[in-house]
Amino acid sequence: MGPRRRIAAAALAVLAAASLATPSFAVAPGGGSATATGSTGLDDSTVGSWHVLDLGAGRYVVSWRSPVAFPLGADRPTIAGPADVLVGTPELAADGRTVRAVVTAATRPDPADFDVLLSGDRLDARGDDRYRTAATPARGLDLPGTETLPVDPATPGPYAVASSDYELDPVKLAGMPVPVEMVGHVVEPAADAATGPRPLVLFLHGRHSVCYDPQDANAFGDWPCQPPMQEIPSQLGYDYIQQVLASQGYATVSVRVNGINGQDWRLADGGADARAEIVEQHLDHWVTLAADHQVDLSRVVLVGHSRGGEGVDRAAIQIPLTAPYRIVGQVLIAPTDFGAQTAAYVPTVTLLPSCDGDVSDLQGQKFTDGARDLVAGDTSLKSSVLVMGANHNFFNTEWTPGLAQAPAWDDWGGAPKATCGKRNPDRLSPEEQQAVGTAYVAGAVHLFADDEQDLLPLFDGSRARVASTGAAQVLSHAIGGGRDERAPGVGVDRALPEGATTRLCQGMSSFDRVSACISGVGYAGIRPHWPEAYERVPTRTFFEMSWTAPGQAGGLLLEQPLDLSTGRLELRTIVDPEVGPADLQVRITDAEGASALLAPADGALPAIDRGTDVEKYWAQTLVVDPAGATGVDLARVVRVDLVSASDRGRVWVADLAAAPAALASVPDLRLPTVDVGSVRIPEGDGRSPVTAYLPVDVVGEITRPARLVVMTAGQARGSAQRFTLDLAPGQTSAQIPVTYQPDRADDYRAAITTATVWATRNVMTDAYVGRLTVLDDDPTPRTTVRPVARGISEGESARWRISMAKGVDYEQFVSGRVVRGPRHPVSAGDVDTRWIAQHLGPDADLDQPLWTFRPIVFARLRAGVRVLEIAIPVRRDGVAEGRESLTLQLRVGKERFTRTVYVKPSA
């Protein structure tokens, strides 16, 4: 919290089981690996290995091990499963190659039903899902009516600029063994520039490789960097924006967090809280600098890229109004939002690159969508901006080939001329992308810090551009800012359609849920407004309409009239890219039944990209000027219909709003936050279920009824797993109940239940993941390993029996390796040919001693089972031989046993 605060595959399976059966489930990977390709950078010659471990009581650990280390990027591997299986928060293992999650299911999960997803690709399947069907180049969007604004925020200002750097003592952060650096790159107006008080703009980069070797382009190292490795200066990657802002009178600082990037695998939130802490530490430092640098700390704008975007948003949530600095806005560039958090009362612009090869699901959309229903009266603007042809990395010059000091790469791959391919004419060059970055970051800074509302059309859904962005195409939509928003669902119902097919649908993507807005689909395609069903996060209701002829209509009935007398009508509308552009008109009807049919200001809405791997179900703004609606009482509109003007189409409406011509002022408020704690307790020996409680602490004051949604994973099947938690005004704490069954049987050292919390009303989460760790306090029964028979004859099997003195509550994987034993060991030719083919392959030299091949055998001792046998069949070859030996070294848990079986002489 912040200051407020299949032989190879079988062998892999055995190793994974061994690691899981030791101290506890929750471990995670380190390393500073990098990828120099446009995909996940993982070896595609093998698809890795799955493993399922039974924890008892319907709980399992499902894990997947990659053939190589996961790349150091913004997104993180996720395990996705079927709808009837509850999958907990994914965690990474210390080997840097294994992702695992606790799963609750009625029967043992089948790995064939699961997928591992990273940056839009299924890692457990060959090929890259993102580039399968984008062989046809996309065409630029048809955006008629686009206005070029007379003021360009990317135009350099009149002031001379000075650059400097500072380095402070490293900071010790919770959960990170090594203190994190405090390094800042400052670009500001010259000291003698008569700028007046200067707002401060703080930049925070994202998760990227941390160390490189200047003499070896293929060498990347772990943090802290050791010679000859050097730090990758990611903090310098926004200097091009800093220079412009400084020339316009803003002080700027860009901070480095390689220390977090090198250690955030340890943290359940991916390091968001740690990044927020570093932001606050730097702002505290600027309190001491403000007077000498003419900095106005009452006007601070945060800019975060990638995981840095989630980090600055977390800081905006944490920083109280009593702090000696005030966050007046933030810009989030291609951000992650693993916690589905958003900062109420903080104006926010989120830039979403259409060709993001890292955070390919465009999850940053949640910063906008999550704010809509969070708290009444929040007039802060929340804008999402889709930058066509932009990738993830090129907003940072230190992540851009040809500009970076360290080796860098394009995070998007695929066919060069396909959609998003590097030679596709609609793909932005680094320079073009950075021009867009400059204009939109600077534009948001001017809007938030200096209330320059003539730049609002860049962010509010209008079709607008500035000269510096050239031919780049950019779309936007917004909520907040004084809009009167109406969302399908409570108070807004479906009107009787006229020829069209309409329904209210659940905002999610699903394989099999017909209530979902889109179902029967896989993971391909980008649907940032709709989480996958397996995520089990809170969802919203959408209005869906499809038509097959012009003139068909369908719409929404408003329980409370909408006032359009002083502003325009906006509908955030998703166009189905599988069907094509949506040509629509809008009919509004007042309380007396008078209606008018209006044409949208900008014509038809285009489909965004084509091809199942790149098509985007992203809401554009359907803008309607109601001024021409003669005879309609614009102050009392009670029905809004879409009327088709094309032969076919399909759209979804997220919400509609009356939008004012200018932004409303934002109240000086912050939401209270909640922190979910963790508890460790001994198991105990009782016969009745025990309920433990995770603490939920409130920071700030709850003034209106608040609601959280809680999901627990790791409990016995049948326990409460997803429920709401209501908080009353004045309430300062709460508890999350977690029930478990104690016993007197040995179990894993620690059984962990994870609780993940999402805020849905009048409160926001800070620390949103808690854990109950139940420590087993029962002794481990004695294990005995003996040959079933010390001597056997040819044609029989050598058998080893593993016996437990008492059954245990967990699975044990037993592995055995043939090793060198007493004199005259059996040769490979003495063993059954089918066994040899399975364990050694068809080309094994049968005259060699079997132990020289070091073959492995394995078996699983299921929970509650006390006896297991492992066998190796010996062949009757009809050759006279003396006594021979077959020695097996077995591993059972942490214990090792070496036992020998003798083959009797044969005549």
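Descriptive notes on the structure:
- Selection over segment 319-348 of residues that are within 26 Å of Ala74 (Cβ to Cβ) and of a type outside the set (A, V, I, L, M, F, W, C) gives a count of 10.
- Meets criteria (open to solvent by less than 30 Å² (accessible area, probe 1.4 Å), of a type in the set (D, E, K, R) and touching a Pro at 6+ places or on another chain (Cβ under 7 Å)) for Glu701: no
- Here is the figure for segment 613-646: residues that are among the β-branched types (Val, Ile, Thr) and surrounded by fewer than 17 Cβ atoms within 10 Å (Cβ to Cβ) total 1.
- Put simply, of Asp633, Asp647, Asp563, Asp613 the only residue that is over 24 Å from Ser462 (Cβ atoms) and in contact with a helix residue (DSSP H, G or I) (Cβ under 6 Å, 6 or more places away or on another chain) is Asp613.
- When residues of segment 757-813 are limited to those that are crowded, with 19+ Cβ neighbours inside 10 Å and among the small types (Gly, Ala, Ser), the one nearest to Val52 (Cα to Cα): Gly770
- Under the condition of being among the aliphatic types (A, V, I, L, M), outside any loop (DSSP other than H, G, I, E, B) and either open to solvent by 80 Å² or more (accessible area, probe 1.4 Å) or in contact with a Lys or Arg (Cβ under 7 Å, 6 or more places away or on another chain) (or both), the residues counted in segment 168-186 number 1.
- A single member of Thr400, Thr419 is touching a Pro at 6+ places or on another chain (Cβ under 7 Å), farther than 24 Å from Ser254 by Cβ and hydroxyl-bearing (Ser, Thr, Tyr), and it is Thr419.
- Qualifying residue in segment 250-273 (condition: touching a helix residue (DSSP H, G or I) at 6+ places or on another chain (Cβ under 7 Å), in a helix (DSSP H, G or I) and open to solvent by 10 Å² or more (accessible area, probe 1.4 Å)): yes
- Qualifying residue in segment 284-305 (condition: part of a helix (DSSP H, G or I), within 21 Å of the chain's Cα centre (by Cα), of a type outside the set (Phe, Trp, Tyr) and closer than 22 Å to Glu231 by Cβ): no
- Filter pass, Arg722 being of a type in the set (D, E, K, R), open to solvent by 60 Å² or more (accessible area, probe 1.4 Å) and more than 28 Å from Val892 (Cα to Cα): yes
- Residues in segment 415-434 that are of a type in the set (A, V, I, L, M) and open to solvent by 30 Å² or more (accessible area, probe 1.4 Å): Ala415 alone.
- Within segment 292-348, tally of residues that are open to solvent by 20 Å² or more (accessible area, probe 1.4 Å) and closer than 19 Å to Thr673 by Cβ: 7
- Checked against (1) open to solvent by less than 50 Å² (accessible area, probe 1.4 Å); (2) out of contact with any Gly (no Cβ under 8 Å at 6 or more places or on another chain); (3) outside the structural domain of Gly714 (by the TED database), Asp668 passes all but condition (1).
- Residue selected from segment 554-580 under the condition within 13 Å of Ser646 (Cβ to Cβ) and surrounded by 17 or more Cβ atoms within 10 Å (Cβ to Cβ), by the criterion farthest from the chain's Cα centre (by Cα): Gly580
- Pair list, Cβ < 6 Å and 6+ apart or interchain, from segment 144-161 residues that are among the aromatic types (Phe, Trp, Tyr) and modelled with pLDDT of 95 or more to residues that are buried (at least 16 other Cβ atoms within 10 Å of the Cβ) and not in a loop (DSSP other than H, G, I, E, B): Tyr159/Pro189; Tyr159/Ser247
- Residue list for segment 850-874, restricted to those being surrounded by fewer than 18 Cβ atoms within 10 Å (Cβ to Cβ) and assigned to a loop (DSSP other than H, G, I, E, B): Arg854, Arg862, Ala863, Gly864, Val865, Arg866
- Qualifying residue in segment 450-459 (condition: assigned by the TED database to the domain that holds Gln248, surrounded by fewer than 22 Cβ atoms within 10 Å (Cβ to Cβ), on the phi < 0 side of the Ramachandran plot and outside any helix (DSSP H, G or I)): yes
The values are calculated or read from the model by the stated rules, or taken from the named source; none is laboratory data. Predicted model only: the values in this text are computed from it and were never measured. All Cβ positions, glycine included, derive from the backbone under ideal geometry; neighbour counts span all protein chains shown. Calculation scope for accessible area: heavy atoms of the full protein, side chains included, ligands and nucleic acids excluded. Shrake-Rupley method; radii C 1.70, N 1.55, O 1.52, S 1.80 Å.
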